[in-house]
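Novice: Encoded as structure tokens, here's the structure I'll be asking about.
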Amino acid sequence: MKHILIVDDEPHVIRILRMALEQSGYMVGEAANGRKALEYLDRLPPDLMITDIDMPQMDGKELCLEICRLYPDRQFSIFVLTARAEIEHRLWSRKISNLQFMEKPVSVRKLVAQLDNYFSRKNGDEEPSCQSAP
Amino acid sequence: MQVNQILSVWKRERLGLMMVIASLAVITVIVGMLFVNQQKSEMENIRKQGISLAKLLSQMSFDQVVPPTGKQGAFAVLQHNQEQTSFSYLVVVDTSGRQIAEISSSGVIAPVIPVPSSPSEWLEEKTLSLPGDGKQVVEFHAPLFNDSKLAGHIRLGYFKPGLGFSSKQVPFLATLALPIFLLAPLFYFLIRREIRPLQKANSQLDELVRQGTLNKMEITATGELQEFMNHLNGFIGSAQDRIKQLESERSGFETTTKLLSYKRSRIDSVLQSMPDALMVLDESGAVSFANSRFNTLLKVSPGDILSKKPVEWCDNQDVVAFLSDCTRKSAHGFNRNVYEFSPRATPDKTVSVSSYPLFSPREPDQLLGTLVMFRDVTAEILAKQSSGAFIAHVAHELKSPLNVIAMYSETLQNDDGKDDAFRIEASNIIHDETERLTQLINNILSITKIEMGSISIERKRVKLRDLIQDTFDTNARNANAKDLAFEADIPREMSPVAADKDLLRIALNNLLTNAIKYSDPGGKVSLTAEEDENSIRISIRDNGIGIAPDEQKKIFEKFYRSERDDIQSRNGHGLGLSLAQEIIQLHGGTLTLNSTLGTGSEFVIDFRKETDLLKQAV
């Protein structure tokens, strides 16, 4: 069973995603902001992390950069949910590999399908992380 | 002193005195000439008389003139007739010089002279001096013959006429001198009369020179002098006109100069007061003008950069290159270049430099230099950034509830056997998020309009009591749902005010919503309204989570939300308080906060009744 961590300050978002992912057979963990996500990662690294950007205390961008710093050999992928579609809000992620954006509003169905697809494609073929993207 | 007096009299009366002296000289000359003429005339008479008498006697024989014995000869006749005043003597001498006969005036002794020896000397005229008194005598010689033989000589002497003055001449001289003496004062008077206007003119001119003014002279004269005075007055008149014209022109010039000076100082004041730093570069690229803004913007004194090229005062090589480029481009008539930089002296500022070629307004082809404008665009850049940040914030805040709505509605659409409880929960969440979205959009619209100044307060007579009560009642449902004690203390009567009802409702609603939102179940929210003669106060108090001191100012900033967990866990977008404050300030009121962390908060609205906005309706 794949383990997914959802990081979002919006309880309704966590609740609906948890419901949908659990129905699809994933194990779901949750954190309300970046700091709590780091604490979670320290205890239990997931197979994939879904994170919002705008969060109190530590936002999604800081969280990703911090993960890159703390876990240079990270194995899990990161899905970033963002309300900001402009490219300049994504430039920070250029040097972080194994990370992709999903624009809000997010379709729960599409997200679950994308995750299913991702895990089936992956087939245990681990990608290197935190290396310079081409 | 006496010398001075004499000199002054001479100066004053020199003309008269000179005329007296001149007339005396004339008389003297005339009298002298008369005497000389008279002397000449007498001499000629004597000569005629002497020669003719000598010749007459010479034609007689010696014996006829002087008979040898007792006979009366010519000599005796002559002796009785020689009574003339000029006659001196008549002597007859023999050939040896012996005096034979003599007649003479009384007291006169004929001088003894040698007998002429040669015949050429027989008829002769001589001037001799009488022995004794030495008087001059003119003597005429003539020979006397007896039978053609020289028998002797006649010597006839006359007193030589002198320059003597005789009493007979007095009347003549008096007759001559009198008219001259009479004419001299007359001439003097006439001349004085003629030159009097000239003297008057002279003294008036003196006076004018002393006073430094130029007026026409009031002088009456005659003839050419009058003509001269007329010309002089004409000249003075022309000079007066010219002076008036010059004074008028000078006054005009002074006015023009003052006007120009005023305009110049006004333009200078305008240039110095410009919010931007302005400089003019001449054709060589040197600074020919710089206003005082350089002091603050670039920390450069305008006086220090005058006549200097940018390379001499500017430490930013890019700016130097830009300005050189501007000067070069201006020469080719290019317009407007812009460059932005951060000055080394004020690195926190962003300065935009723009240049414009300066052409002469009269001769559009003549290039006067380059106008360079340094503008502090820090605020504009920050405004652009904050505007961008605001839009990004709004987009995010809008997308967050939309995201939740989309997720839940999509899940409901694909309902595959979920229980009723989920459907109720989902529909409640969708409803709440829709309300949140609506309120957010309303708040964003209101706050944007207020900030852009496009919102106008629709001042209407508002029954404040009803408005407060109504807003309170609207929020009562939410308060009850949260199990809060929700209380209001509103006076039965409150003065109506002139306010915008809808805006005030938004402000009150936001404050009440906040109080409910940040109170825990079982808590208490109370609204109190008070009114006295001068002011109205509305307080909204809760005993909720409270606000930390360091956040009490920030909560009025747009989109500010505390990062505290107990706040983040409650829905909010950080616009409610900002909007409430803007609305209350728009009505001339104040919104203040009293809060203690963990104990609760109190928001106090104060309106003063004398505020224009409110008092009209009161």
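Novice: What are the pairs, 6+ residues apart or on separate chains, where a residue within the stretch B:484-503 that is among the polar types (S, T, N, Q) has its Cβ under 6 Å from a residue that is assigned to a loop (DSSP other than H, G, I, E, B)?
Specialist: B:S495/B:V618
Novice: All but one of (1) surrounded by fewer than 16 Cβ atoms within 10 Å (Cβ to Cβ); (2) assigned to a helix (DSSP H, G or I); (3) at pLDDT 85 or above hold for B:E487, so report the exception by its number.
Specialist: Only one criterion in (1) surrounded by fewer than 16 Cβ atoms within 10 Å (Cβ to Cβ); (2) assigned to a helix (DSSP H, G or I); (3) at pLDDT 85 or above is unmet by B:E487, namely (2).
Novice: Here's another thing I want to ask about it. Could you run through the stretch B:385-396 and say how many residues are more than 13 Å from every other protein chain (Cβ to nearest Cβ) and free of Cβ contacts under 8 Å to residues at least 12 places away in the same chain?
Specialist: Total meeting the criteria: 2.
Novice: Go over the candidates A:M55, A:M19, A:M1 one by one and state the one that is surrounded by 19 or more Cβ atoms within 10 Å (Cβ to Cβ) and not in a strand (DSSP E or B).
Specialist: On inspection, the qualifying residue turns out to be A:M55.
Novice: Considering only the stretch A:50-93, state which residues are in contact (Cβ under 8 Å) with a residue 24 or more places away in the chain, among the charged types (D, E, K, R) and within 14 Å of chain B (Cβ to nearest Cβ).
Specialist: If the condition is that a residue be in contact (Cβ under 8 Å) with a residue 24 or more places away in the chain, among the charged types (D, E, K, R) and within 14 Å of chain B (Cβ to nearest Cβ), then A:D52, A:D54, A:D59, A:K61, A:E62, A:R84 are the ones that fit.
Novice: Now for a separate question. Criterion first (facing chain B (nearest Cβ under 9 Å), under 23 Å from A:R74 (Cα atoms) and touching a residue at least 12 places away in the same chain (Cβ under 8 Å)) does A:A20 satisfy it?
Specialist: Judged against the criteria, A:A20 is not a match.
Novice: While we're looking at this one, here's another question. Answer yes or no: is there a residue in the stretch B:564-573 that is in contact with a Leu (Cβ under 7 Å, 6 or more places away or on another chain), touching a residue at least 24 places away in the same chain (Cβ under 8 Å) and surrounded by 15 or more Cβ atoms within 10 Å (Cβ to Cβ).
Specialist: The answer is yes, given that some residue of the stretch B:564-573 is in contact with a Leu (Cβ under 7 Å, 6 or more places away or on another chain), touching a residue at least 24 places away in the same chain (Cβ under 8 Å) and surrounded by 15 or more Cβ atoms within 10 Å (Cβ to Cβ).
Novice: Sticking with this one: Being under 19 Å from B:Q59 (Cα atoms), assigned by TED's automatic domain parsing to the domain that holds B:S58 and in a loop (DSSP other than H, G, I, E, B) is the requirement here; does B:P131 meet it?
Specialist: no
Novice: Quick one: is A:P72 over 23 Å from B:H393 (Cβ atoms), in a loop (DSSP other than H, G, I, E, B) and over 14 Å from the mean Cα position of the chain (by Cα)?
Specialist: When the stated conditions are applied, A:P72 passes them.
Novice: Same structure, new question: Considering each residue of the stretch A:7-17, count those that are in contact with a strand residue (DSSP E or B) (Cβ under 6 Å, 6 or more places away or on another chain) and touching a residue at least 40 places away in the same chain (Cβ under 8 Å), and give that number.
Specialist: 3
Novice: Right, something else. If you take the residues in the stretch B:523-563 that are without any contact (Cβ under 8 Å) to a residue 40 or more places away in the chain and under 15 Å from B:L464 (Cβ atoms), which one is surrounded by the fewest Cβ atoms within 10 Å (Cβ to Cβ)?
Specialist: B:D532
Novice: Hey, can you tell me all the residues within the stretch B:269-279 that are under 17 Å from B:I305 (Cβ atoms), modelled with pLDDT under 90 and out of contact with any Lys or Arg (no Cβ under 7 Å at 6 or more places or on another chain)?
Specialist: Scanning the stretch B:269-279 gives B:L271, B:Q272.
Novice: Could you look through the stretch A:6-16, keep only residues that are at pLDDT 90 or above and closer than 17 Å to B:A421 by Cα, and pick out the one that is nearest to the other protein chains (Cβ to nearest Cβ)?
Specialist: A:I16
To keep it simple, each residue is scored yes or no on (1) buried (at least 19 other Cβ atoms within 10 Å of the Cβ); (2) touching a Cys at 6+ places or on another chain (Cβ under 6 Å); (3) over 19 Å from B:G576 (Cβ atoms); (4) within 12 Å of chain A (Cβ to nearest Cβ).
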{"position": "B:E380", "(1), (2), (3), (4)": "no, no, yes, no"}
{"position": "B:A383", "(1), (2), (3), (4)": "no, no, yes, no"}
{"position": "B:L398", "(1), (2), (3), (4)": "no, no, no, yes"}
{"position": "B:P401", "(1), (2), (3), (4)": "yes, no, no, yes"}
{"position": "B:N414", "(1), (2), (3), (4)": "no, no, yes, yes"}
{"position": "B:D420", "(1), (2), (3), (4)": "no, no, yes, no"}
{"position": "B:R423", "(1), (2), (3), (4)": "no, no, yes, no"}
{"position": "B:R436", "(1), (2), (3), (4)": "no, no, no, yes"}
{"position": "B:T448", "(1), (2), (3), (4)": "no, no, no, no"}
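Novice: Being out of contact with any strand residue (DSSP E or B) (no Cβ under 8 Å at 6 or more places or on another chain) and farther than 23 Å from B:P67 by Cα, is that true of even one residue in the stretch B:135-155?
Specialist: No, the stretch B:135-155 contains no residue that is out of contact with any strand residue (DSSP E or B) (no Cβ under 8 Å at 6 or more places or on another chain) and farther than 23 Å from B:P67 by Cα.
Novice: Here is a follow-up. Given the options A:S24, A:S97, name the one that is surrounded by fewer than 19 Cβ atoms within 10 Å (Cβ to Cβ), more than 20 Å from B:E563 (Cα to Cα), within 14 Å of the chain's Cα centre (by Cα) and among the small types (G, A, S).
Specialist: A:S97
Novice: Another question, then. Hey, any hits in the stretch B:462-475 for a residue that's in a helix (DSSP H, G or I), within 30 Å of B:D565 (Cα to Cα) and aromatic (F, W, Y)?
Specialist: Checked against the condition, which is being in a helix (DSSP H, G or I), within 30 Å of B:D565 (Cα to Cα) and aromatic (F, W, Y), the stretch B:462-475 yields at least one hit.
Novice: I've got another one for you. Filter the helices (runs of 4 or more DSSP H) completely within the stretch B:522-618 down to those with at least 3 residues that are touching a strand residue (DSSP E or B) at 6+ places or on another chain (Cβ under 7 Å) and at pLDDT 85 or above.
Specialist: Filter on the stretch B:522-618 gives B:576-586.
Novice: A follow-up question, please. Would you point out the residue of the stretch B:313-335, among those that are modelled with pLDDT of 80 or more and in a loop (DSSP other than H, G, I, E, B), that is surrounded by the fewest Cβ atoms within 10 Å (Cβ to Cβ)?
Specialist: The selected residue is B:D315.
Novice: Counting only residues that are within 10 Å of the chain's Cα centre (by Cα) and either facing chain B (nearest Cβ under 10 Å) or without any contact (Cβ under 8 Å) to a residue 60 or more places away in the chain (or both), how many does the stretch A:39-49 have?
Specialist: Going through the stretch A:39-49 one residue at a time, the tally reaches 2.
Novice: Another question about this same structure. Looking at the stretch B:504-522 only, could you name the residues that are in contact (Cβ under 8 Å) with a residue 40 or more places away in the chain and closer than 23 Å to B:Q585 by Cα?
Specialist: B:L504, B:I506, B:A507, B:L508, B:N510, B:L511, B:L512, B:T513, B:N514, B:A515, listed by residue number.
Novice: Assigned by TED's automatic domain parsing to the domain that holds B:G152, under 12 Å from B:G152 (Cα atoms), part of a loop (DSSP other than H, G, I, E, B) and not hydrophobic (A, V, I, L, M, F, W, C): does that describe B:S117?
Specialist: Taking the combined requirement at face value, the residue satisfies it.
Novice: Can you spot a residue in the stretch B:214-225 that is under 30 Å from B:M33 (Cα atoms) and part of a helix (DSSP H, G or I)?
Specialist: Checked against the condition, which is being under 30 Å from B:M33 (Cα atoms) and part of a helix (DSSP H, G or I), the stretch B:214-225 yields no hits at all.
Novice: Which residues, counting only those in the stretch B:289-327, are over 17 Å from B:T370 (Cα atoms) and of a type in the set (V, I, T)?
Specialist: The answer is B:T296, B:V300.
The values are calculated or read from the model by the stated rules, or taken from the named source; none is laboratory data. Bear in mind the structure is a predicted one, so any value in this text is a computation, not a measurement. For neighbour counting, all protein chains shown are included, and Cβ atoms are generated from backbone atoms with ideal geometry for every residue, glycine included.
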